[in-house]
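Here is the structure we will look at.
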Amino acid sequence: MDDCRADAVGCYGRSWAKTPHMDAIARQGTRFQTAIVQNPVCVPSRTSMKTGRYPHEFGIMAMGKPPTIPEPYLNQDKIDAINKAPTLLDHWKQVGIPTVNVGKIHAFKQVWTKRGDSQALIDFFGNPREKKDQKRFEQFNQNNPYPAVNTKTHQWMIGGVVPLKPEETQTWRLGNLAVKALGELAASDQPFFLRVSFHAPHVPCRVPKSYMIDPKTINLPLPNETELKSKPRFERESLHVYAGGLDLNRQQIDTCRGTYYGMVSLVDNQVGRLVEVLRKTGKLKNTIIAVNADQGFQLGEHGLWKKRAFYEQNVCVPFIISCPRLLPENTVIDEPVEMVDFLPTLMDLSGLKPPDSIRGRSLMPLIRGKVKKWREACFSEIDHSRSMYDELRRGTGRRVMVRTKKWKLIFFMDKRVADKDGALYNLINDPDEKENLYGKPKYKNVIKYLEGLANDWNRKI
């Protein structure tokens with residue numbers, strides 16, 4: 001999924017998240033409670049998953065325009081060498097396993113065999129793309145119980161009900177393509193690798209009325225101006241301008257939250273259709289099924305909306321993997337993992353040896369209980385000087401997150417930015433990340449320790 005936070009899938013504990021098919025996959029396999037993406041935007045995150053490397057290793061740190069001042073932390077010679085190496089998808093093709101994609105690609109377009117995509121019927125702002133739909137939308141909106149909600153600065157549609165039948169939506173039409181592609185692949189006895197890449201719950205956020213989750217059932221913190229004042233300057237100013245939760249009233253927030261969870265429920269319906277194809281073709285027990293996303297999405301928590309932040313809602317994604325013949329059932333891994341480990345794990349399950357040169361590692365020792373601890377820390381990074389949005393580019397650069405089981409440190413790790421503008425959270429005492437401890441002298445040694453982990457991570461290329 002695209003922009004799907006972990007708690008949008010029901011098995012992660014939210015009662016209002018309606019995803020019975022993905023929940024069933026989790027019961028039949030392994031669910032990772034805390035799976036961290038390596039960048040909180042699409043292209044670098046997806047590239048990281050497909051290479052088993054961190055963004056600063058392959059040089060894609062954001063989506064947007066070149067920086068005004070070149071990045072001092074990048075080593076172009078090493079980047080060029082890494083980018084000439086085969087991707088993990090290439091290793092599948094080398095042993096005769098085709099890599100087929102249905103839906104959004106966003107990285108390595110030349111590697112995938114494409115089986116189609118579907119365009120949204122509305123644009124990012126919520127307007128119908130076709131003239132024939134305009135009258136229908138206008139008439140519906142006269143009595144729409146959940147009218148469109150748009151962000152203040154960029155006017156992205158982030159919530160609302162639209163006059164579409166579920167079968168008309170981009171998600172369902174993409175599901176049709178996926179069912180067809182999977183049916184063709186499963187009809188053969190040859191192995192295959194199929195990725196079904198949904199655009200949801202990415203903006204424009206909208207659902208048919210029947211998929212709207214009742215906002216009264218959703219219990220999430222509301223944007224809080226007092227809390228926002230204690231946050232780093234970059235969040236108070238730049239990210240809040242980009243997409244701020246304080247720009248919305250309570251009714252708009254409720255609409256957006258119900259829409260977002262409803263979009264994931266609509267994806268879940270397509271997952272059920274795909275599982276049924278495997279069941280009918282007799283391939284279900286011998287097929288590896290993985291559920292994941294490229295990053296999460298803020299829904300007003302901490303005063304922010306959308307992405308490009310390092311809160312748990314943004315960096316923790318659903319990660320579920322199932323195969324009855326290869327994996328234990330109903331297993332939950334509490335040890336934090338990173339999404340650089342995603343494809344090495346699939347390679348290992350497929351009988352392929354992951355390259356020794358990559359940073360990602362197969363998670364099979366963790367799944368099989370052979371090890372209890374994994375990494376000392378998880379990392380995520382983004383360079384806002386490369387953003388496409390001017391409010392994020394000014395006076396910024398590479399921002400890094402270091403996350404252990406107990407601590408999370410966020411800071412500018414960039415010589416171009418004099419002020420580290422940090423945030424420190426105790427995830428044990430403050431799992432909701434409300435109290436920023438960065439400026440308190442008693443945590444000086446904790447910050448030093450976490451910065452040391454970041455420096456060691458940064459040097460290992």
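The values are calculated or read from the model by the stated rules, or taken from the named source; none is laboratory data. Being a predicted model, the structure only gives us computed values, none of them experimental. Note that we place each Cβ from the backbone using ideal geometry, even for glycine, and neighbour counts take in every protein chain shown. Calculation scope for accessible area: heavy atoms of the full protein, side chains included, ligands and nucleic acids excluded. Shrake-Rupley method; radii C 1.70, N 1.55, O 1.52, S 1.80 Å.
Of all residues in the range 399-412 being in a loop (DSSP other than H, G, I, E, B) and under 21 Å from the mean Cα position of the chain (by Cα), which is surrounded by the most Cβ atoms within 10 Å (Cβ to Cβ)? Steps first, answer last, please.
Filtering the range 399-412 down to residues in a loop (DSSP other than H, G, I, E, B) leaves 404-406.
Right, trim to under 21 Å from the mean Cα position of the chain (by Cα) and you get 404-405.
Values: Thr404: 17, Lys405: 15.
By that ranking, first place goes to Thr404.
Within the range 221-245, can you find the residues that are open to solvent by 10 Å² or more (accessible area, probe 1.4 Å) and in contact with a strand residue (DSSP E or B) (Cβ under 6 Å, 6 or more places away or on another chain)?
Hits for the range 221-245: nothing passes.
What are the residues in the range 327-347 that are among the charged types (D, E, K, R) and either surrounded by 19 or more Cβ atoms within 10 Å (Cβ to Cβ) or over 12 Å from Leu366 (Cβ atoms) (or both), if any?
Hits for the range 327-347 are Glu329, Glu338, Asp341.
Any residue that is in a loop (DSSP other than H, G, I, E, B), open to solvent by less than 10 Å² (accessible area, probe 1.4 Å) and farther than 19 Å from Pro44 by Cβ - is there at least one of those in the range 319-326?
Yes, because at least one residue in the range 319-326 is in a loop (DSSP other than H, G, I, E, B), open to solvent by less than 10 Å² (accessible area, probe 1.4 Å) and farther than 19 Å from Pro44 by Cβ.
Report the residue count in the range 118-133 for those that are touching a residue at least 24 places away in the same chain (Cβ under 8 Å) and open to solvent by 40 Å² or more (accessible area, probe 1.4 Å).
Total meeting the criteria: 4.
Could you tell me whether any residue of the range 252-264 is at pLDDT below 95 and out of contact with any Asp or Glu (no Cβ under 6 Å at 6 or more places or on another chain)?
no
Among the residues of the range 1-34, write down those that are open to solvent by 30 Å² or more (accessible area, probe 1.4 Å) and either part of a loop (DSSP other than H, G, I, E, B) or among the acidic types (Asp, Glu) (or both).
Answer for the range 1-34, where residues must be open to solvent by 30 Å² or more (accessible area, probe 1.4 Å) and either part of a loop (DSSP other than H, G, I, E, B) or among the acidic types (Asp, Glu) (or both): Gly13, Arg14, Ser15, Lys18, Gln33.
Which ones in the range 164-190 are more than 25 Å from Lys306 (Cβ to Cβ), part of a loop (DSSP other than H, G, I, E, B) and open to solvent by less than 70 Å² (accessible area, probe 1.4 Å)?
Within the range 164-190, Ser188 is the sole residue that qualifies.
Please list, ordered by first then second residue, the pairs with beta carbon atoms under 6 Å, 6 or more apart or interchain, first in the range 19-35 and among the charged types (D, E, K, R), second assigned to a strand (DSSP E or B).
Once the first residue is among the charged types (D, E, K, R) and sits in the range 19-35, its partners that are assigned to a strand (DSSP E or B) give Arg31/Ile320; Arg31/Val332.
Which of the residues belonging to the range 413-434 are open to solvent by less than 90 Å² (accessible area, probe 1.4 Å) and over 24 Å from the mean Cα position of the chain (by Cα)?
Residues satisfying the conditions are Asp414, Arg416, Val417, Asp419, Lys420, Asp421.
Just to be sure I understand, how many residues within the range 441-461 are free of Cβ contacts under 8 Å to residues at least 12 places away in the same chain and either open to solvent by less than 40 Å² (accessible area, probe 1.4 Å) or within 15 Å of Trp407 (Cβ to Cβ) (or both)?
We begin by selecting, within the range 441-461, every residue free of Cβ contacts under 8 Å to residues at least 12 places away in the same chain; these are 441-442, 444-445, 448-449, 452, 455-456, 459.
From what is left, the residues that are either open to solvent by less than 40 Å² (accessible area, probe 1.4 Å) or within 15 Å of Trp407 (Cβ to Cβ) (or both) are 442, 444-445, 448-449, 452.
Of the residues in that region, 6 qualify.
Sort out which residues of the range 247-271 are in contact (Cβ under 8 Å) with a residue 60 or more places away in the chain, more than 21 Å from the chain's Cα centre (by Cα) and assigned to a helix (DSSP H, G or I), and write them in order of number.
Asp247, Gln252, Thr255
I want to confirm something. Restricting to the range 287-318 and keeping residues that are of a type in the set (Asp, Glu) and more than 16 Å from Leu343 (Cβ to Cβ), which single residue is most open to solvent (accessible area, probe 1.4 Å)?
Ranking the qualifying residues of the range 287-318, first place goes to Glu312.
Identify the single condition in (1) in a helix (DSSP H, G or I); (2) open to solvent by 30 Å² or more (accessible area, probe 1.4 Å) that Gly369 does not satisfy, given that it satisfies every other one.
Exception for Gly369: condition (1).
Kindly indicate whether any position in the range 382-398 is among the charged types (D, E, K, R), in a strand (DSSP E or B), closer than 16 Å to Glu338 by Cβ and out of contact with any Cys (no Cβ under 8 Å at 6 or more places or on another chain).
No, that holds for no residue.
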